[in-house]
1. Greater than 24 Å separation of Cα atoms is the criterion. Which listed pairs, 34/67; 66/274; 34/69, meet it?
2. Just going by the charge dipole of the chain, with Lys and Arg at +1 and Asp and Glu at -1 on Cβ, which of 76, 87, 195 is farthest out on the positive end?
3. Would you mind telling me the share, in percent, of accessible area of the chain contributed by carbon and sulfur at probe 1.4 angstrom?
4. How far, in degrees from 0 to 90, does helix 193-205 lean away from the longest principal axis of the Cα atoms of the chain, to the nearest 10?
5. What is the local net charge at residue 42, summed over the other residues whose Cβ is closer than 14 Å to its Cβ (Lys, Arg +1; Asp, Glu -1)?
6. Modelled label-to-label distance, residue 69 and residue 319, 7 Å Cα→beta-carbon offset: nm?
7. Counting only heavy atoms of the protein chains, get the accessible area per residue of the range 92-208 (1.4 Å probe) and round it to a whole Å² value.
8. Count neighbours as other Cβ atoms within 10 Å of each site's Cβ, and list the chymotrypsin sites (Phe, Trp or Tyr not before Pro) in the range 115-158 that are DSSP loop with at most 14 such neighbours.
Amino acid sequence: MPGVAKSALQGDLSMPTEWRAVGEVDKLFVFPVKSLAHVEVENFNTGPFAAESGFMVDRQFMVVDKKDKFTTSRKFPSMSLIQPEVTQTHLTLKYPGMEDISVKIPAVETLEGCKEFEIFGDPCKGFDVGPEVGEWLSDVILNDPEGGMRLLYHPKVDSTRPDKPTNEEIAPNMKPGDKPYFADTFAYMMMSQPSIDELNKLLVEEDVDLVVEEKRFRPNIFINGEFPAFSEDDWAYIKVGEVIFRNSRACDRCVFTTVDPFMGDKHPQGEPLKTLRKYRCAEDPEEKKAYGSAPLFGVFLAVEKCGNIKVGDTVCIGKH
């Protein structure tokens, strides 16, 4: 059965001195609240821990349950329909059939004294935004205002996530500081239209009645160009406008890919995850240990040279 022979970057991983154009930025997305709806933007600043657009910072807020476990659309797919809006002082959440709620963003610049939580084993800290929004989220997610959900906030300071352990076998281009605020694992994720097109061809071949598009996979950066599907897997560095990103490693996928971002429900046959598992799982023994049955689709990025990127920017890779 086909798969990904080796996802870890190979060869010369030094920063390119010369670049060649391969495409352009098609869309940009910020997700102010982890697992809630996206906000499509025309440009964003590339902070070290998150994309920043206007007053929005990517995954700066996170929902946790009454047991202090982070809560996502993997378990509660309707969360993906909650639309966030951010101003300088307030976060507003909207959900079909519910009255909007607006809460004041904590005016803090430190996380001293905050409670510690975990994201996939990573300790992190966040401020509880208050009981009112917690009750609203509990009502939307659990249909029970007393369900114990809470909303956490991470101010725009250094990430409280731990440094990443080095792993030359799986992620030779990753650095210890490649960490986000409340995103699962990395600050940025990039995908391409050719790779989406190829997945749709595979879904047709598998006789799956589903056409997917990029929002289902929740990238920050979505690019297009005349290059083969999955080419981005092998780009060690990507220059977007004047910003330089480093490819930290491949993006491993989960059940979240089965959530329809427009309907807020899961595909009954577990697609497109089932098809991705057939064609995009790691074949290398060490990578199999690391990723298991999680297929690889898209790439995680870290910023080497910060700046602002916008829709229409030229995407370049090294001339090696």
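The values are calculated or read from the model by the stated rules, or taken from the named source; none is laboratory data. What you see is a predicted model; the values in this text were computed from it and never measured. Methodologically, a virtual Cβ is constructed for each residue, glycine included, from the backbone with ideal geometry; neighbour enumeration extends over all protein chains shown. Accessible surface is based on the protein model in full, side chains and every heavy atom, while ligands, DNA and RNA are left aside. Shrake-Rupley method; radii C 1.70, N 1.55, O 1.52, S 1.80 Å.
1. 66/274
2. Checking the options against the dipole of the chain, the answer is 76.
3. 49 percent
4. Tilt relative to the chain: about 90 degrees.
5. Spelling it out: positives minus negatives among the neighbours equals -3.
6. About 5.3 nm separates the two model spin labels.
7. Here the per-residue accessible area is 48 Å².
8. 120
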